[in-house]
1. Ignoring ligands, DNA and RNA, what accessible area per residue does the range 15-76 give at 1.4 Å, in Å²?
2. Along the charge dipole of the range 13-78, Cβ charges K/R +1 and D/E -1, which of L71, Q57, A17 sits furthest on the positive end?
Amino acid sequence: RLGVALPLDDLLAVDEALPRLAEKDERRARVVELRFFAGLGEAEVASALGVTTRTVQRDWLKARAWLHLQLADGGATA
């Protein structure tokens, strides 16, 4: 299974933003790693992290929004 397909520049930008996300919320950063790079589904991530699928859904939504802002701002801290 593959993770999310993005142009290399965007993929590198996400990878570079992950430590900043981890400083704000470690679990959301793990959700991004597991969904984005490992290609795990919501239920698999939930099992790996010991949380509910709904928690993974909320974390994924919030993490994607945060990453979108980071990429749109060229990596500015938010």
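1. Heavy-atom accessible area per residue stands at 56 Å².
2. Positive-most Cα among the choices belongs to Q57.
The values are calculated or read from the model by the stated rules, or taken from the named source; none is laboratory data. All figures in this text were calculated on a predicted structure; none of them were measured in a lab. Neighbour counts run over all protein chains shown; Cβ positions are idealised from the backbone, glycine included. The protein model used for the area step is the full one, side chains on, heavy atoms only, and it has no ligands, DNA or RNA in it. Shrake-Rupley method; radii C 1.70, N 1.55, O 1.52, S 1.80 Å.
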